Amino acid sequence: MVSDKERICKEIEDVSNKLQGVKSEVEKLNEWQKIHSLVKEERWIQAEIKLLGEYPFPARGIERIEKINQLIYPYNAQISSLLERIAQLKKEMASIQPEKQLLADESQILAALDQIPIYEQLTLEKQQCEVKLADLEERISIINEKLHLPLREDEVLKINTNIYMKNQVEHASRNKQKLLEVKQDLEEKFREEKNSLEELERKVSFAETHMIPAHERERLEKLVSEESEKRKVEYELKAVQDKIEYFQHSREQDKETFAAIKKQKQNQSLAIGVLLLVLSLYGLYSKQWILLVIGVLGTLLIGFFLSNNNSRKNDTKINQALSQLLEDEKRFIQLLERYKNSNIPALQEKLKQDNYWKEQQQLLKIKLEQQQTQYEKVIRKFEEWEIEAAENQEMLVKLSSELHIPEYIAQSFFLEAFQLIEQYKLICREKKNLLARLENINLEQAAITERLTSYAKHYLADQNNDFSKIGYLLRNKLREEHGKVIKIQEKQGKLDDFDADLNQMKLEQAHLISEKKKLLEEANVEEEEDFYELGKEVETKLKLIERLEDIRKQVQYSFLKKDAMEKLLQIHNVEELLIVYQDEIETLSSRLMELQEMLAAANYQIQILEEGGSYSELLHHYKQQKFELEEAAKEWSIFCLAQNILSKTVEKYKNVHLPRMLTKAEEYLSFLTEEQYQRIHLQQSGTGFLIERRDHTLFEANELSQATTEQVYVSIRLALATTLYEKYRFPIIIDDSFVNFDGNRTKKVLELLNTLQNNQILFFTCHTHLLPYFHPENVMYLHKDNVEVIS
C-alpha cells in the first residue's frame with residue numbers, strides 16, 4: 001500500500017505539472033488573441049518601411065513647394081499691372097502744372113485775405129462807435145437837464161473831482177443824512193422820555209391818594225397789637241381745658257382701680273377671717289386658749305383694715321385742683337368775649353395794603369428821578385446836534401461853490417449832483433476817444449481796400465468791389481493751385497511706391513524661384529512631378545513609422561516575450577488549439593481529482609492498519625470520514641463554481657468594462673491635471689495601475705504626489721460611477737474629499753463635477769471658500785436640528 005501511495009503521489013505531481021503547463025499555454029494563447037493583430041500589423045509595417053527604402057527629401061517638402069508655387073504665380077500679373085499703372089501716372093503728372101507766381105505770393109495774399117475779417121470788424125466797430133457816440137450825446141443832454149448848469153464841456157472837465165473832493169462830498173452828504181436821522185431819533189426819544197416822565201408823575205400821585213393818613217395808621221396798629229393778647233388768652237384757655245380733661249379722666253380711672261382693689265382685699269380678708277374663725281372655734285373646742293386668742297385678734301384686725309379707706313384723701317385733692325381749673329377756664333372765656341367785637345383780620349389787611357402803596361410810591365419816586373435824568377440827557381443831545389448841523393452846513397456851502405453847484409441843490413442832492421458831474425466828465429472823455437477811434441478806423445479800411453484791389457487785378461478775371469467775394473475767389477484760386485501741387489506730390493509718391501514695389505516683387509520672385517530650385521536639388525530630382533511622387537512616398541513612410549510607434553507602445557505592456565511571439569506567429573488555428581487545451585485541462589483536472597481520492601483512500605487504509613481496532617469501529621469511522629469527504633467535496637464544488645463565475649466575471653470586466661472605464665478615467669485625469677498625465681495602464685503583473693505622463697514617463701501610484709494620487713483616485717471613482725452604472729444613475733455623495741487640493745486643483749475638480757449632468761451630486765463641505773463655485777440656489781446650510789435653504 002505504501003508503494004501504491006508513492007506511485008499515486010508521483011502521478012499527481014506529474015498531472016499537476018502538466019496541468020500547470022497547459023494553463024500557462026492557455027494564458028499565453030489568450031494574451032496572444034489580444035495582441036496578435038497588433039503584432040502582425042507591426043511586422044507588415046516594418047516590411048513596408050523596408051520596401052520604401054531611404055530617400056533624401058526635405059522636411060515638409062510638398063507643403064513648402066506648393067506654398068512657393070502659390071506665391072510665384074501671382075507675381076507675373078502683379079508686375080505687368082504695376083508697369084501699366086506707372087505709365088498712366090506719368091501721363092497724369094504731365095497734364096497738371098500749377099501757377100508758380102501765385103504760389104510765390106501766397107503769404108502776402110493770405111495776409112491780405114486775413115485782413116478781410118478785420119475790415120468787416122472795423123466796419124462793425126465803426127457802426128458801434130457811431131451808435132455809442134449818439135448814445136453819449138443823449139446821456140450828456142440828460143445830465144444837462146438834470147443839473148441845469150450853464151457850463152460848457154471844457155469847463156466841466158476843469159472841475160476838480162479827484163478822490164479827496166469825492167471823499168469830502170461823500171462825507172458831507174453822509175453827515176447831512178446822518179444828522180437828519182439823528183434829529184428824527186432825538187425827536188422820537190424826546191417825545192418818549194416826556195411821555196414816560198408825565199406817566200410816572202401820574203403814578204406817584206395815584207399811589208399817594210391810596211395811602212392811609214399817619215394818625216389813622218397809628219390807631220390801626222394799636223388795635224392790631226391787641227390781637228397778640230387775645231392769642232395769649234386763647235393759648236392759656238386751651239392749656240386749662242386740657243388739664244381739666246386730664247383730671248377728670250384721672251378721677252374716673254382712680255375710681256375704677258379703687259373698686260377693683262377693694263373687692264380683691266374683701267375677698268382676701270374674708271378668706272383669712274374664715275380661717276381665723278375656724279382657728280378660734282378649734283381653740284375653743286380644744287380648749288387651746290392661745291389659738292382662740294390668736295383667732296379673735298386676727299378677726300378684729302381684719303375688721304379694722306376693712307373699715308379703714310385711704311382713697312378718700314386722694315379724691316379730695318383731685319376735686320380741689322379741678323375746681324381751681326374750672327374757675328380759670330371761666331375767667332379766660334370772659335376775656336375772649338371782650339375781644340370778640342374787634343375785626344382784627346380786616347385791620348391787618350388794610351395795613352398791608354397801605355404798606356404796598358407806600359413801597360410803590362417810593363419805587364416810583366426813584367424811577368421819576370431816573371427819568372428826569374434821561375430827559376435832561378436828550379435835551380443836551382439836541383444842543384450837540386445843532387452845533388454839528390451848523391458845521392455841516394458850512395462845509396456844504398464851501399464844497400458847492402468849488403463844484404459850481406447851486407446851494408439849493410447841495411442842500412438835498414449834493415452827492416447825486418457830484419456823481420452826475422463825474423459821469424459828465426467820463427462821458428466827455430469817452431466821446432473824445434470815440435472820435436479818435438473813428439478816424440483810425442477810416443485810415444485802416446483805406447489801406448486794406450488798396451491791397452485787395454491790387455491782388456484782384458493781377459490774379460482774378462472778374463473785377464468786383466465786394467471784398468468777401470474777392471477773398472473767396474482768391475482762396476479758391478490758391479486752393480486749386482495747392483491741389484495741383486498735392487496731386488503731383490501724391491502721384492510722384494505713388495510712382496516711387498510703384499517703382500519700389502516693382503523692384504521688391506522682382507527680388508521676391510527671384511528668391512522664390514531659387515528656393516524652389518533648392519528643394520528640387522535636395523530631393524535629387526529635376527522635374528516638379530518627380531518631386532511630388534517622391535513626397536507622397538515619404539509621407540506614407542512617416543505615417544507608417546508613427547503607426548509603428550503607437551503599436552509598440554501598446555505591445556510593450558504584454559507579458560509575452562519576443563521569442564514567444566515569434567513562435568505564436570506560426571500558429572494559425574489559435575481558437576482550435578485553445579479548445580484542445582481546454583479539453584486537456586478538464587481531462588487532467590478530472591484525473592487529478594481521481595488521484596487525490598485514491599491518495600486519500602490509501603492514506604485512510606494505512607491509518608486504519610496503523611491504528612488497528614474492530615471491524616465495526618473501522619466501518620463506522622469509514623462512513624463518518626466518507627460523509628465528511630462528501631460534504632467537503634460539495635463545499636469544494638461550490639467554491640470551484642464560484643471561482644469559475646468570478647473568473648468569467650473578472651475576464652468580462654477586463655475585456656468589456658475595464659477599457660471603457662480606463663478611457664473615461666484617462667479623460668477625467670487629463671482634464672484635472674491640465675493634460676500633464678494622459679494615460680492609465682494596468683500593471684503587467686500584480687495589481688495596481690501605471691500612470692503615463694505627457695512625456696511618456698510611467699509612474700506607479702505611490703510615486704506620485706498625494707494631490708496627484710487623489711486626482712487619479714477621483715478620476716477612477718467617477719469613471720466607475722459613469723460607465724459601470726450608466727443604466728442606473730445613482731446619486732454621488734462626496735464628503736470633503738478634496739482637502740489636500742490647492743486652489744487650482746479644487747477649481748478643476750468642481751468644474752468636472754459640474755459636467756456630470758446625468759447624476760445627482762451631494763457635496764458635503766465645511767469650507768465656505770468653496771461656495772462661490774456653486775449656484776446659491778443649490779447651497780443648503782446644515783444645522784443641528786434643521787436645514788437652511790438659501791433662496
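The values are calculated or read from the model by the stated rules, or taken from the named source; none is laboratory data. The structure displayed is predicted, hence computed values, not measured ones. So basically every Cβ, Gly included, is an ideal-geometry build from the backbone, and we count neighbours across all protein chains shown. These area figures cover heavy atoms from the full protein model, side chains too; ligands, DNA and RNA do not enter into them. Shrake-Rupley method; radii C 1.70, N 1.55, O 1.52, S 1.80 Å.
Checking residue 521 against (1) of a type outside the set (Ser, Thr, Tyr); (2) at pLDDT 75 or above; (3) open to solvent by 90 Å² or more (accessible area, probe 1.4 Å), which single condition isn't satisfied?
For residue 521, the exception is condition (2).
Taking residue 375 and the conditions (1) open to solvent by less than 80 Å² (accessible area, probe 1.4 Å); (2) aromatic (Phe, Trp, Tyr); (3) modelled with pLDDT under 65, which numbered condition does it fall short on, given that it satisfies the others?
Every condition holds for residue 375 apart from (3).
If residue 477 satisfies every condition in (1) exposed (fewer than 15 other Cβ atoms within 10 Å of the Cβ); (2) modelled with pLDDT under 80; (3) of a type outside the set (S, T, N, Q) but one, which is the exception?
If we test residue 477 against (1) exposed (fewer than 15 other Cβ atoms within 10 Å of the Cβ); (2) modelled with pLDDT under 80; (3) of a type outside the set (S, T, N, Q), just (1) comes out false.
Out of (1) modelled with pLDDT of 75 or more; (2) open to solvent by 90 Å² or more (accessible area, probe 1.4 Å), the odd one out for residue 82 is which?
Every condition holds for residue 82 apart from (2).
Inside segment 455-472, can you point out the residues that are open to solvent by 50 Å² or more (accessible area, probe 1.4 Å) and either of a type in the set (A, V, I, L, M) or at pLDDT 75 or above (or both)?
First, the residues of segment 455-472 that are open to solvent by 50 Å² or more (accessible area, probe 1.4 Å): 457-458, 461-466, 468-469, 472.
Hit for segment 455-472 is 461, nothing else.
Do the conditions hold for residue 102, that is, is it open to solvent by less than 40 Å² (accessible area, probe 1.4 Å), at pLDDT below 75, in contact with a helix residue (DSSP H, G or I) (Cβ under 9 Å, 6 or more places away or on another chain) and part of a helix (DSSP H, G or I)? Give the derivation first.
Working: open to solvent by less than 40 Å² (accessible area, probe 1.4 Å): yes; at pLDDT below 75: yes; in contact with a helix residue (DSSP H, G or I) (Cβ under 9 Å, 6 or more places away or on another chain): yes; part of a helix (DSSP H, G or I): yes.
Taking the combined requirement at face value, the residue satisfies it.
Filter segment 680-703 down to residues that are assigned to a loop (DSSP other than H, G, I, E, B) and among the small types (Gly, Ala, Ser) and give me whichever is surrounded by the most Cβ atoms within 10 Å (Cβ to Cβ). Talk me through it step by step, then tell me what you get.
Here is the first cut: in segment 680-703, the residues assigned to a loop (DSSP other than H, G, I, E, B) are 683-688, 694-697.
Adding the requirement that they be among the small types (Gly, Ala, Ser) leaves 685-686, 688.
On the way: 685: 7, 686: 6, 688: 10.
Among residues in segment 680-703 that are assigned to a loop (DSSP other than H, G, I, E, B) and among the small types (Gly, Ala, Ser), the one surrounded by the most Cβ atoms within 10 Å (Cβ to Cβ) is 688.
Does residue 86 satisfy being more than 60 Å from the chain's Cα centre (by Cα), under 17 Å from residue 493 (Cβ atoms) and not basic (Lys, Arg)? Spell out the reasoning first.
Working: more than 60 Å from the chain's Cα centre (by Cα): yes; under 17 Å from residue 493 (Cβ atoms): yes; not basic (Lys, Arg): yes.
Spelling it out, residue 86 is indeed more than 60 Å from the chain's Cα centre (by Cα), under 17 Å from residue 493 (Cβ atoms) and not basic (Lys, Arg).
Across segment 550-570, what is the number of residues that are under 18 Å from residue 680 (Cα atoms) and either at pLDDT 75 or above or not small (Gly, Ala, Ser) (or both)? Walk me through it before giving the result.
Taking segment 550-570 as the starting set, the residues that turn out to be under 18 Å from residue 680 (Cα atoms) are 550-559.
Filter once more, so that each one left must be either at pLDDT 75 or above or not small (Gly, Ala, Ser) (or both): 550-557, 559.
Residues flagged as under 18 Å from residue 680 (Cα atoms) and either at pLDDT 75 or above or not small (Gly, Ala, Ser) (or both) within segment 550-570 amount to 9.
Taking only segment 704-740 into account, find how many residues are among the charged types (D, E, K, R), at pLDDT below 85 and open to solvent by 100 Å² or more (accessible area, probe 1.4 Å). If you could, list the steps in order and put the result at the bottom.
Quick first cut of segment 704-740, residues among the charged types (D, E, K, R) only: 710, 717, 726-727, 729, 735-736.
Narrowing the set further to residues that are at pLDDT below 85 leaves 726-727, 729, 735-736.
The next check asks that each one be open to solvent by 100 Å² or more (accessible area, probe 1.4 Å); those that pass are 727, 729, 735.
So the count comes out to 3.
If I filter segment 467-500 down to residues being among the acidic types (Asp, Glu) and closer than 13 Å to residue 86 by Cβ, which single residue comes out as nearest to the chain's Cα centre (by Cα)? It would help to see each step written out before you state the result.
Applying the first criterion (among the acidic types (Asp, Glu)) to segment 467-500 yields 480-481, 490, 496-497, 499.
Retained after the next criterion (residues that are closer than 13 Å to residue 86 by Cβ): 496-497, 499.
Values: 496: 64, 497: 61, 499: 66 Å.
My answer is 497.
Since residue 724 meets every condition but one in (1) touching a residue at least 24 places away in the same chain (Cβ under 8 Å); (2) under 22 Å from residue 770 (Cβ atoms), which condition does it not meet?
Only one criterion is unmet by residue 724, namely (2).
Please pick out the residue among 541, 561, 567 that is charged (D, E, K, R) and open to solvent by less than 30 Å² (accessible area, probe 1.4 Å).
541 is the lone residue from the list that is charged (D, E, K, R) and open to solvent by less than 30 Å² (accessible area, probe 1.4 Å).
Considering only segment 648-658, I want to know if a residue exists there that is more than 26 Å from residue 556 (Cβ to Cβ), free of Cβ contacts under 8 Å to residues at least 60 places away in the same chain and either open to solvent by less than 60 Å² (accessible area, probe 1.4 Å) or of a type in the set (D, E, K, R) (or both). First the steps, then the outcome.
Of segment 648-658, the ones more than 26 Å from residue 556 (Cβ to Cβ) are 648-649.
Next, only the ones that are free of Cβ contacts under 8 Å to residues at least 60 places away in the same chain stay: 648-649.
Next cut, either open to solvent by less than 60 Å² (accessible area, probe 1.4 Å) or of a type in the set (D, E, K, R) (or both) only: 648.
Checked segment 648-658: at least one residue is more than 26 Å from residue 556 (Cβ to Cβ), free of Cβ contacts under 8 Å to residues at least 60 places away in the same chain and either open to solvent by less than 60 Å² (accessible area, probe 1.4 Å) or of a type in the set (D, E, K, R) (or both).
Going through 363, 368 one at a time, which residue ends up being closer than 30 Å to residue 198 by Cα, aliphatic (A, V, I, L, M), open to solvent by 90 Å² or more (accessible area, probe 1.4 Å) and at pLDDT 75 or above? Outline the logic, then answer.
Details: 368 fails: open to solvent by 90 Å² or more (accessible area, probe 1.4 Å).
After applying the criteria, what remains is 363.
Which one is farthest from residue 20 (Cα to Cα) among residues in segment 543-588 that are of a type in the set (Val, Ile, Thr) and part of a helix (DSSP H, G or I)?
Taking segment 543-588 first, the residues of a type in the set (Val, Ile, Thr) are 545, 551, 555, 571, 574, 579-580, 585, 587.
From the residues that got through so far, the ones that are part of a helix (DSSP H, G or I) too are 545, 551, 555, 574, 579-580, 585, 587.
Values: 545: 40, 551: 31, 555: 25, 574: 19, 579: 16, 580: 15, 585: 9, 587: 13 Å.
Among those residues, the one meeting the criterion is 545.
Looking at segment 364-377, I want the residues that are closer than 9 Å to residue 200 by Cβ and have a partner that is of a type in the set (Asp, Glu) and open to solvent by 70 Å² or more (accessible area, probe 1.4 Å) with Cβ atoms under 8 Å, at least 6 apart or on another chain. Which pairs are those?
Between residues of segment 364-377 that are closer than 9 Å to residue 200 by Cβ and residues that are of a type in the set (Asp, Glu) and open to solvent by 70 Å² or more (accessible area, probe 1.4 Å), the close pairs are 368/201.
Between residues in segment 495-511 that are in contact (Cβ under 8 Å) with a residue 60 or more places away in the chain and of a type in the set (A, V, I, L, M, F, W, C) and residues that are part of a helix (DSSP H, G or I) and open to solvent by less than 70 Å² (accessible area, probe 1.4 Å), which pairs lie under 7 Å by C-beta distance while being six or more apart or on different chains?
So the pair list comes out as 495/86; 495/89; 498/82; 498/86; 502/79; 502/82; 505/75; 505/79.
Output the residues belonging to segment 499-518 that are of a type in the set (A, V, I, L, M, F, W, C), under 30 Å from residue 90 (Cα atoms) and open to solvent by less than 70 Å² (accessible area, probe 1.4 Å). Working first, answer last.
Going through segment 499-518, the residues of a type in the set (A, V, I, L, M, F, W, C) turn out to be 500, 502, 505, 507, 510, 512-513.
The next check asks that each one be under 30 Å from residue 90 (Cα atoms); those that pass are 500, 502, 505, 507, 510.
500, 502, 505, 510 - these are the residues of segment 499-518 that are of a type in the set (A, V, I, L, M, F, W, C), under 30 Å from residue 90 (Cα atoms) and open to solvent by less than 70 Å² (accessible area, probe 1.4 Å).
Only one of 107, 95, 3 is within 30 Å of residue 603 (Cβ to Cβ) and either open to solvent by 30 Å² or more (accessible area, probe 1.4 Å) or at pLDDT below 75 (or both); which? Lay out the reasoning, then the answer.
Numbers: 107 fails: within 30 Å of residue 603 (Cβ to Cβ); 95 fails: within 30 Å of residue 603 (Cβ to Cβ).
After ruling out the rest, the residue left standing is 3.
Please determine, by comparing only the residues of segment 6-55 that are of a type in the set (S, T, N, Q) and within 26 Å of residue 581 (Cβ to Cβ), which one is modelled with the lowest pLDDT.
Within segment 6-55, the first condition is being of a type in the set (S, T, N, Q), and the residues that meet it are 16-17, 20, 24, 30, 33, 37, 46.
After this cut, where a residue has to be within 26 Å of residue 581 (Cβ to Cβ) as well, the list is 16-17, 20, 24, 30, 33, 37.
Numbers: 16: 85, 17: 86, 20: 86, 24: 83, 30: 79, 33: 74, 37: 79.
In this case the residue turns out to be 33.
Here is a yes/no grid of residues against (1) farther than 26 Å from residue 373 by Cβ; (2) modelled with pLDDT of 75 or more; (3) open to solvent by 50 Å² or more (accessible area, probe 1.4 Å):
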| site | (1), (2), (3) |
| --- | --- |
| 152 | yes, no, yes |
| 159 | yes, no, no |
| 184 | no, yes, yes |
| 191 | no, yes, yes |
| 200 | no, yes, no |
| 230 | yes, no, no |
| 235 | yes, no, yes |
| 245 | yes, yes, yes |
